[in-house]
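Asker: My structure is below; once you've seen it, I'll send some questions.
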Amino acid sequence: MSIATFISRITGYIKDMILAMFFGATGIADTFFVAFRIPNLLRELFAEGSMSSALVPVLTEYHTKQGKEEAKRLVRVIFAFIIIVTGLICLAGIIFAPAIVTAIAPGFLDTPEKFSLTVLLTRVMFPFLLFISLAALIMGALNTKRVFFIPSLAPAMLNIAIIIAVIIFASRTTQPIVAVAIGVTLGGLLQFIFQLPSFFKNGYSLMPDPDLRHPGLKKISILILPATMGMAVAQINIFVSTILASFLPEGSITYLYYSMRLIQFPVGIFGVAMGMAVLPTLSEHAVKGEFGKLSDDFSFALRLLFFITVPAMVGLIALREPIVNILFQRGKFDYFATVGTAQALLFYSIGIWAIVGVRVVTASFYSMQDTKTPVKVAVIALVVNIILSVILMKPLKHGGLALANSIASCVNFVLLFFFLSRRLEKIDTRKILHSFVKTIFAASIMGVIGAMLLQGELWKIHGNTLNKAFYLSGTIALCIGIYLFLSYLLKSEEGFYVMDMVKRKFRK
């Protein structure tokens, strides 16, 4: 999953580099990112986020207790349900696009041209929600069969479609940004189609079954409503940030978008992948009543996840300006935009450990078909984010919005972990904390060394891409070596596991 997600993220960064080069951190870029945030938010709420958390446990239960045929029939029922419900949501979104844009970016009302363009882009991209919901159904069904690579690679199709739209079609239209929006919608369709061969190979069918009273569908519907909030708290926090950022200086929304894209690299490769990979296993333990094994698998997954993502978090903080410079600073994206994006990246990165941790903790709750606890905690985190965003946006501008998001993510994780530890009494909290402290210590030393090595004027100018790439990649490789060496000296159990796993792969 991590390999496939890595490929998807790389194509995503190529897409972002091209968008930055063509549109920079301008008002036009702001309109696209606001318009895209609306279907993207709904995707997290109703598709990839909540769909997986509700579908996988129930489908696993059907496979285990009622057999393969009933599980396959349930997939066909869900397919019919998505076509009807999500289709109606898309239609409503297209009709009421002006009201939606007013709600998410009220600051745009002062600029009629900007507002009208955002409405147009929103309407063009709303069908993306239907296609991505169908893709999420396919992904959940395949994950239940322990098929992870193809579903994790599918998002690359969206990135490829956008890249083609920008390079080939954007320059040939009077409004280039509209071509990008069309690429988004077509990319969602490709993401769905890409998974179909594997889906059919595993015996599934897309012949709609309109039995909307099916008990499995009812169970998923009950789980999906609270899961909508619990799984998508990070996206909802971003949604709040977008509303507030629309009142900040031009470019603020774009800074937040690109910095969020950078933290989604470790979050997506490791956090999302781990959450999705452990959910079927945890669900199976829960169905069989093996809560001791569930606790052990949860603890190991969380410790391993922190071991991998904390150094990535520290690396983004320490090397933020060189990373933004080499990825985005070209064309209309100048050094001023690099500084603004790097500032947001600093504050967003602080919360990476919590964001990835939430993925595994919520997967544990969902495996026991408990979606109420995550949503209660999500509401608390949302309130914290809103209050802190309003307080911090004045002194720190867009950086304050990013910092508020990170603090809210930390609150979300801590509370979820507390409630899970009460539910699963065998969780070894002391072992998790001890491992986390070792990881923070080793990563901090690594980060200080990396920051010292990459000081200089080179990271303020355009060009010299090859020299910068060699310098940055060499420093990152050295930092990884330092981190692994320190982990070895600290006798990190997770470090030994990773090194043994690599050795086994090379021996094969």
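The values are calculated or read from the model by the stated rules, or taken from the named source; none is laboratory data. Because the structure is a prediction, the values reported are computed rather than measured. Reconstructed Cβ throughout: ideal geometry from the backbone, glycine too, with neighbour counts over all protein chains shown.
Asker: Please pick out the residue among Ile476, Ile461 that is at pLDDT 90 or above and not hydroxyl-bearing (Ser, Thr, Tyr). Spell out how you get there, then give the answer.
Answerer: Numbers: Ile461 fails: at pLDDT 90 or above.
Result: Ile476 is the single residue among Ile476, Ile461 that is at pLDDT 90 or above and not hydroxyl-bearing (Ser, Thr, Tyr).
Asker: Now a separate question. How many of the residues in the stretch 144-168 are more than 26 Å from Phe33 (Cα to Cα) and either among the aliphatic types (A, V, I, L, M) or touching a helix residue (DSSP H, G or I) at 6+ places or on another chain (Cβ under 6 Å) (or both)?
Answerer: 4
Asker: I'd like the residue in the stretch 248-259 that is at pLDDT below 85 and not hydroxyl-bearing (Ser, Thr, Tyr) and, out of all such residues, is surrounded by the fewest Cβ atoms within 10 Å (Cβ to Cβ).
Answerer: Among those that are at pLDDT below 85 and not hydroxyl-bearing (Ser, Thr, Tyr), it is Pro249.
Asker: Pairs please, first residue from the stretch 305-334 and over 23 Å from Gly357 (Cα atoms) and among the basic types (Lys, Arg), second anywhere and modelled with pLDDT under 85 and crowded, with 23+ Cβ neighbours inside 10 Å, Cβ atoms under 8 Å, 6+ apart in sequence or on different chains.
Answerer: Arg330/Ala20; Lys332/Ala20; Lys332/Phe23; Lys332/Ala25
Asker: Moving on. Looking at (1) surrounded by fewer than 23 Cβ atoms within 10 Å (Cβ to Cβ); (2) at pLDDT 90 or above, can you tell me which one Met313 breaks?
Answerer: (1)
Asker: For the stretch 463-508, give me each residue that is among the basic types (Lys, Arg) and more than 19 Å from Leu433 (Cα to Cα).
Answerer: Lys468, Lys503, Arg504, Lys505, Arg507, Lys508
Asker: Which ones in the stretch 454-468 are among the aliphatic types (A, V, I, L, M) and surrounded by 11 or more Cβ atoms within 10 Å (Cβ to Cβ)? Before the answer, list the steps.
Answerer: Applying the first criterion (among the aliphatic types (A, V, I, L, M)) to the stretch 454-468 yields 454, 458, 461, 466.
Hits for the stretch 454-468 are Leu454, Leu458, Ile461.
Asker: Go through the stretch 74-122 and give me each residue that's charged (D, E, K, R) and surrounded by 18 or more Cβ atoms within 10 Å (Cβ to Cβ).
Answerer: Arg76, Lys114
Asker: When you scan the stretch 452-474, do you find a residue that is of a type in the set (Ser, Thr, Tyr), under 30 Å from Val358 (Cα atoms) and in a helix (DSSP H, G or I), even just one?
Answerer: Among the residues of the stretch 452-474, at least one is of a type in the set (Ser, Thr, Tyr), under 30 Å from Val358 (Cα atoms) and in a helix (DSSP H, G or I), which makes the answer yes.
Asker: Of the residues Leu382, Leu327, Leu388, Leu345, only one is crowded, with 22+ Cβ neighbours inside 10 Å and assigned to a helix (DSSP H, G or I); which?
Answerer: None of the others qualify; the one that does is Leu345.
Asker: What are the residues in the stretch 412-428 that are buried (at least 19 other Cβ atoms within 10 Å of the Cβ) and of a type in the set (Val, Ile, Thr), if any?
Answerer: Ile427
Asker: List pairs: first in the stretch 22-40 and over 17 Å from Pro106 (Cα atoms), second surrounded by fewer than 19 Cβ atoms within 10 Å (Cβ to Cβ) and modelled with pLDDT under 80, Cβ under 7 Å, 6+ apart or cross-chain?
Answerer: Phe22/Gly331; Phe23/Lys332; Gly24/Gly331; Gly24/Lys332; Thr26/Lys332
Asker: Quick one: which residue in Thr122, Thr102, Thr174, Thr118 is of a type outside the set (Lys, Arg), over 30 Å from Asn202 (Cβ atoms) and not in a helix (DSSP H, G or I)?
Answerer: Of the residues listed, the single one that is of a type outside the set (Lys, Arg), over 30 Å from Asn202 (Cβ atoms) and not in a helix (DSSP H, G or I) is Thr174.
Asker: Further, regarding this structure: So Tyr471 fits all but one of (1) crowded, with 17+ Cβ neighbours inside 10 Å; (2) within 28 Å of the chain's Cα centre (by Cα); what number is the exception?
Answerer: Here Tyr471 meets the rest and fails (2).
Asker: Another question about this same structure. Quick one: is Pro57 at pLDDT below 80 and over 15 Å from the mean Cα position of the chain (by Cα)?
Answerer: So Pro57 passes the test.
Asker: Then there is this: Go through Ile138, Ile94, Ile162 for me and flag whichever is in contact with a Lys or Arg (Cβ under 6 Å, 6 or more places away or on another chain), under 30 Å from Lys201 (Cβ atoms), β-branched (Val, Ile, Thr) and part of a helix (DSSP H, G or I).
Answerer: The conditions single out Ile162.
Asker: Look through Ala443, Ala402, Ala451 and report the one residue that is closer than 28 Å to Phe298 by Cα and surrounded by 15 or more Cβ atoms within 10 Å (Cβ to Cβ). Lay out the reasoning, then the answer.
Answerer: Details: Ala402 fails: closer than 28 Å to Phe298 by Cα; Ala451 fails: closer than 28 Å to Phe298 by Cα.
None of the other options fit; the residue is Ala443.
Asker: Name the pairs: first residue in the stretch 65-87 and of a type in the set (Lys, Arg), second residue assigned to a helix (DSSP H, G or I) and surrounded by fewer than 18 Cβ atoms within 10 Å (Cβ to Cβ), Cβ to Cβ under 9 Å, at least 6 apart or on different chains?
Answerer: Filtered contacts from the stretch 65-87: Lys65/Val287.
Asker: While we're here: Among (1) crowded, with 22+ Cβ neighbours inside 10 Å; (2) in a helix (DSSP H, G or I), which single condition is Phe333 missing?
Answerer: Looking at each condition in turn, Phe333 falls short on (2).
Asker: Out of the residues in the stretch 268-302 that are buried (at least 23 other Cβ atoms within 10 Å of the Cβ) and at pLDDT 80 or above, state the one that is nearest to Gln369 (Cα to Cα).
Answerer: Among them, the one singled out is Phe298.
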